[in-house]
1. Answer yes or no: is there a residue in region 92-102 that is surrounded by fewer than 22 Cβ atoms within 10 Å (Cβ to Cβ), over 27 Å from residue 240 (Cβ atoms) and touching a helix residue (DSSP H, G or I) at 6+ places or on another chain (Cβ under 9 Å).
2. If we only count strands (runs of 3 or more DSSP E) wholly inside region 194-295, which ones have 2 or more residues that are modelled with pLDDT of 95 or more and within 16 Å of the ligand (Cβ to nearest atom)?
3. Which condition number does residue 126 fail, the rest of (1) crowded, with 20+ Cβ neighbours inside 10 Å; (2) away from the ligand (no atom under 16 Å from the Cβ); (3) under 29 Å from residue 181 (Cα atoms) being met?
4. More than 16 Å from the ligand (Cβ to nearest atom), closer than 18 Å to residue 223 by Cα and surrounded by 20 or more Cβ atoms within 10 Å (Cβ to Cβ) - does that describe any residue in region 103-120?
5. Tell me, which helices (runs of 4 or more DSSP H) lie completely within region 11-93 with 2 or more residues that are over 27 Å from residue 253 (Cβ atoms)?
6. Looking only at region 224-238, decide whether some residue is surrounded by fewer than 17 Cβ atoms within 10 Å (Cβ to Cβ) and in contact (Cβ under 8 Å) with a residue 24 or more places away in the chain.
Ligand SMILES: O=C(O)CCC(=O)C(=O)O
């Protein structure tokens, strides 16, 4: 997929800051046109959510969600569910931003729209992302777009600068179950005075590396906090199957944006040129490949 003309939005200083601190916050990143389009598309899903009574494949809703008073926690995989979200993430401004940071081409991983509803929308506890969907390197990053103005009481994204260079924490609870969050004892050892809360106007962007410790407080404000998130890695970084969400990240997961796949990768410091991707059309046998038969 091509991205068309890319408007450069990041300075060298922005890129250095991302490498050093593991995050960026870009105020008023989106054009008015894209912002209105994304807001209207998100609203279509709010209306659709009135027809569901509980969480399912498309929506994760709060227990008190009703048709009259929708309370959506998350729209799953927006890219697979609406052409506007697909265009935005796979060819539009989010894709261009990913290319600026990771180089061209990039590999799309997944998207989600976290609503964090008004008057009590739930917190996201401190965590790192990479344990949820390990890759062959640590290039994956997530680009978030606020679809409304987000002030402190609305539970903006909170990040611990520089923590992407620290340990990869265990996100299991002490009873051995998956918690998806850092253990409280570990959180107590972190210098939380350094946390930056990324407030921003509608259309602002947040970017965080997959190893950065981040989370957000409940929304105690009276407006919902829609945050559209999309994750990319460098083209040579591959999700490792059989662990976490890899393999269930949607039909568009793995899309290469801004060029062609090279099938080169490095694992444990050893480089190789891997076979083509046969995951969609099926693999030929070694006999067929060596005799040059087409499948
Ligand atoms: O919605 C948020 O505030 C944070 C989202 C997040 O960290 C995640 O979904 O991994």
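The values are calculated or read from the model by the stated rules, or taken from the named source; none is laboratory data. Note that the coordinates shown come from a computational prediction; the quantities given were computed from them, not determined experimentally. Cβ sites come from the backbone with ideal geometry, for glycine too, and all protein chains shown count toward neighbours.
1. For region 92-102, residues surrounded by fewer than 22 Cβ atoms within 10 Å (Cβ to Cβ), over 27 Å from residue 240 (Cβ atoms) and touching a helix residue (DSSP H, G or I) at 6+ places or on another chain (Cβ under 9 Å): present.
2. 196-198, 205-209, 214-216, 227-234
3. Every listed condition holds for residue 126 apart from (2).
4. no
5. So the answer is 12-21, 32-49.
6. Checked region 224-238: no residue is surrounded by fewer than 17 Cβ atoms within 10 Å (Cβ to Cβ) and in contact (Cβ under 8 Å) with a residue 24 or more places away in the chain.
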